[in-house]
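Got a structure here, written out as structure tokens. Questions coming.
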Amino acid sequence: MPTMRALAKTRPGPGLELIEREIPSPAPGEVLLHMEAASICGTDLHLYRWDPWAREIMHPPVILGHELAGRVAAMGAGVTRVREGDLVGVESHIVDWTCAQCRRGDMHLCRNLKVIGAHVD
């Protein structure tokens, strides 16, 4: 199976590692992106330094990265808003759409919020 390089927090403590990982297949409702641009933000610095905030929110191993853009390389079942080859930016917050906050339109306050690159690969 083909592999990709990924920057990961593989264990608790300061630092990050560049690893090789199998290229995932998108699940239903997901897309696989071929990354074209990535950036570093304050969250990444917290995770690299492994400060108290990072220790509270992250449970390694996790592949980092949530400031990115790329082209749709593959689509899971049910994806209808993009096509292969489309250039997209990523909204890195995954909300549950079921909690009271999401239902009233305050998705940024989702009780079950997950962030790509901090909570999930």
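When residues of region 69-94 are filtered for being assigned to a loop (DSSP other than H, G, I, E, B), farther than 11 Å from Gly29 by Cα and of a type outside the set (A, V, I, L, M), how many remain?
Adding up the residues that qualify gives 6.
What pairs come out if I take residues in region 2-15 that are without any contact (Cβ under 8 Å) to a residue 40 or more places away in the chain and pair them with residues that are aliphatic (A, V, I, L, M) and exposed (fewer than 11 other Cβ atoms within 10 Å of the Cβ) whose C-beta lies under 8 Å away, six or more apart or interchain?
Filtered contacts from region 2-15: Arg5/Leu18.
Check region 44-64 and report whether any residue there is closer than 22 Å to Leu113 by Cα, in contact with an Asp or Glu (Cβ under 9 Å, 6 or more places away or on another chain) and in a loop (DSSP other than H, G, I, E, B).
Checking region 44-64: at least one residue is closer than 22 Å to Leu113 by Cα, in contact with an Asp or Glu (Cβ under 9 Å, 6 or more places away or on another chain) and in a loop (DSSP other than H, G, I, E, B).
Might you check whether a residue that is among the acidic types (Asp, Glu), modelled with pLDDT under 95, within 16 Å of the chain's Cα centre (by Cα) and surrounded by 12 or more Cβ atoms within 10 Å (Cβ to Cβ) occurs anywhere in region 66-74?
Yes - at least one qualifying residue is present in region 66-74.
Can you name the condition, by its number, that Thr98 falls short on among (1) of a type in the set (Val, Ile, Thr); (2) in contact with a Ser or Thr (Cβ under 8 Å, 6 or more places away or on another chain); (3) part of a loop (DSSP other than H, G, I, E, B)?
For Thr98, the exception is condition (2).
Suppose we filter Ala37, Ala54 for residues that are under 16 Å from Glu91 (Cα atoms), among the small types (Gly, Ala, Ser) and without any contact (Cβ under 8 Å) to a residue 40 or more places away in the chain; which single one remains?
Ala37
Yes or no: Ile23 surrounded by 11 or more Cβ atoms within 10 Å (Cβ to Cβ), within 16 Å of the chain's Cα centre (by Cα) and in contact (Cβ under 8 Å) with a residue 60 or more places away in the chain?
Here the answer is no, as Ile23 does not meet what is asked.
The values are calculated or read from the model by the stated rules, or taken from the named source; none is laboratory data. Computed from a predicted structure; not experimentally measured. Ideal geometry is used to build each Cβ from the backbone, glycine not excepted, and the neighbour counts take in all protein chains shown.
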